[in-house]
Amino acid sequence: MAGTPFRDLFREQEWTYAPHETPMLPGSPGSPAHPRRLKIAYGLIGVLLAMTGGFGNALITANTSTLQGALGLDPVQIAWLPTIYVMTNVSINLLLIKFRQQFGLRPFAMIFLGIYVVLTFAHLFVLDFRSVLLVRAVGGMAGAALSSLGLYYLMQALKAEWRLKALVIGIGLPQCATPLARLFSPELLAMSQWRTLYLFELGLAMMSLAAVTWLRLPPATRQKAFEPLDFLTFLLFAGSMGLFAAVLGLGRIVWWTQAEWIAWALVAAIPMFGAALAIEHNRANPLINTRWLASADILRFAVVTIMARVVLSEQNVAAVGLLTVLGQNNDQLFTFFVVIFAASLAGVLASAATINPTKLSQPVMLAIGLVAIAAFFDSHSTSLTRAPQLYWTQALIAFAATFFLGPALLFGMSRALQQGTGHVISFIALFGIINSIGGLGGSALLGTYQVVREKAISSELVQSIHPTDPIVQQRIQAGGGALARTVSDPALRQAEGGALLSQSVTREANVLAYDDVFRLIALLAALTFAYLLFLFARRIHRERRALLATQTGTNTP
């Protein structure tokens, strides 16, 4: 495995499988028995790959304000960086699945990891907006390959009966990257601003490339998978998803009704998406099985998971946004993010330990219920609230965010496998859209609602302030009095006091707006929980009726 000639780097190994070790699906590796030393190596590499995939976007998301100044970008340009990552990541899985079915997963991973390493290295010397976008776009594609590789390496590390636990860990670990990135990125930025951040990302990519080269996965069974129409569908689908992602990622920055390009993007995206679905609907061997995706079970799964992604956006949008408004940044929130990281990791481990293929709806219900409770408590925040007051509630939300992912993935995957292996591609496409576009949509919805509420509340507060009110005059004089030693002009001190009062009004309006966001999240989570409870109760009722009917038929002479 170690001394591999360059020409063999992209080739699959030769491997003879026992009947119980053969791959379940074309394109996925087999499940041979490994010695303990090799299992440990597979496990460590799996964790490395999963975290590298998560850090690709987390390092940018956690440091947008700092990077904006360091790279000389405006707010719209910096918002493009996480958005373009999602634009490429959300659609590439369609090609990735068929590519690994026909050529194996290893060539895809080697190609995109190699390109990612080269571009990240080149970006250290070439500083312009286009090079930053190119690195992030390729990072999105490499992230898709790393996610799949991380899952497969972790599955090799555990015994056969624990493979589902490995799947849960592999899908949950990348979610821990964002709080972890917020923990150590201030120190990286302090060393040499943005270059140290990119050096860290480059180091992870090179370590991942070296690890994949050194220890290969067992080879997959391969078959001819691509058809000419697949590429047309992919172009239409990827184009439409990219435009949707751009609208959701930039809409609240440029504002929905102010930027003309948003309308043109939607005008192009909707027909492209419809054309992709129309092509697939009439194919004998579709890339996306529209009939199955339109079934009641899958539609319910999509609605519930989208709502879950929306309410779980609370942490990045509402909680961090509130603390930022109150003057706290990553440097001052170290303990806060330690708590969130620990809770996220606990959610992954708890989900893996309790996963039960016959009881997949209950963990999702528990996660949504925890979010509803935590958001309700957070809705009572004030301008005196600081990070310690949010430890418990945000820990619950961080736990819920990683606890629900594994059961949600397994629920859809089990439904896909029941219909045949061809439906797996359709489910992976759906799950990718829900997670990526759903996350962007959640941030867009909550961020937009916060801005609207802030403007409305600020207007109400300003209208309630009268210059002739003695209390208002006292606040203005107190604000100006604090500047008496540095500002001798009384009129200027009065103006400065008024400006300080205006800042206080804006801060209070933002805090009240974030409280409204928390209430909206609590309401959406409670409605989702009630809907899940209704579906669960209906299923139990139907099972009991079917059992009673069976018993009655058996007892009838």
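Under the classification rounded if a/c is under 1.5, otherwise prolate if a/b is larger than b/c and oblate if not, where does region 56-200 fall, given a ≥ b ≥ c as square roots of the Cα gyration tensor eigenvalues?
The shape class here is prolate.
Quick one: 3J(HN,Hα) in Hz for region 146-161, Karplus 6.51/-1.76/1.60 with θ = phi - 60°, rounded, Gly and Pro as x.
Listing the rounded values in order: 5, 4, 5, 4, x, 4, 5, 5, 5, 5, 6, 7, 10, 5, 4, 6 Hz.
On alpha carbon coordinates alone, what is the Rg over Rh value for region 26-126, Rh being the Kirkwood radius?
Values: Rg = 17.4 Å, Rh = 16.4 Å.
With Rg and the Kirkwood Rh in hand, the quotient comes to 1.06.
If you line up the Cα atoms of region 336-380 on their principal axes, what length do they span on each, largest first, in Å?
Rounded to whole Å, the extents work out to 38, 22, 7 Å.
Would you tally the net charge around A145, using a Cβ to Cβ cut-off of less than 12 Å, leaving A145 out, and scoring K and R as +1, D and E as -1?
+2
Report the normalised scattering of region 321-360 as log10 I(q)/I(0) at q = 0.15, 0.20, 0.32 Å⁻¹, calculated by the Debye formula with identical scatterers on the alpha carbons.
These q points yield log10 I(q)/I(0) values of -0.53, -0.67, -0.99.
Quick one: 3J(HN,Hα) in Hz for region 334-343, Karplus 6.51/-1.76/1.60 with θ = phi - 60°, rounded, Gly and Pro as x.
Running phi through 6.51 cos²θ - 1.76 cosθ + 1.60 with θ = phi - 60° gives 4, 4, 4, 6, 4, 4, 5, 4, 4, 5 Hz.
Two-decimal Rg/Rh of region 177-274 from alpha-carbon positions, Kirkwood Rh?
Over the Cα atoms of region 177-274, Rg/Rh equals 1.15.
Give the long-range amide H neighbours of N289: residues separated by 5 or more places, or on another chain, with amide H under 5 Å away, using H modelled in the peptide plane at 1.01 Å from N.
Under 5 Å from the amide H of N289 lie the amide H atoms of S426, each far enough along the sequence or on another chain.
Can you list the HN-Hα couplings for region 522-539, worked out from phi with the Karplus curve (6.51, -1.76, 1.60; θ = phi - 60°), rounded to whole Hz and with x for Gly and Pro?
Ordered by residue, 3J(HN,Hα) equals 4, 5, 4, 5, 5, 5, 5, 4, 5, 5, 5, 5, 4, 4, 5, 5, 5, 5 Hz.
Please state the Cα pair-distance histogram of region 114-215 with 10 angstrom bins from zero: what percent is in each bin?
13, 38, 34, 12, 2
If eta is 0.692 mPa s and T is 37 °C, what Stokes-Einstein diffusion coefficient results for region 102-143, Kirkwood Rh from Cα pairs, in µm²/s? Kindly include the intermediate steps, with their values, before the conclusion.
Working: Rh = 10.7 Å.
My calculation gives 306 µm²/s for D.
How would you classify region 238-311 from its alpha-carbon gyration tensor, with a ≥ b ≥ c the square roots of the eigenvalues: rounded for a/c under 1.5, else prolate if a/b is greater than b/c, otherwise oblate?
oblate
Given bins 10 angstrom wide, list per bin the percent of all Cα-Cα distances in region 253-402, short to long.
Bins of 10 Å from zero give 9, 26, 25, 25, 13, 2, 0 percent of pairs.
Taken together, the values in this text are just the output of simple stated rules run on the coordinates, not laboratory data. All of these numbers come straight from a predicted model, not from anything done at the bench. Glycine also receives a Cβ, built like all others from the backbone with ideal geometry; neighbour counts cover every protein chain displayed.
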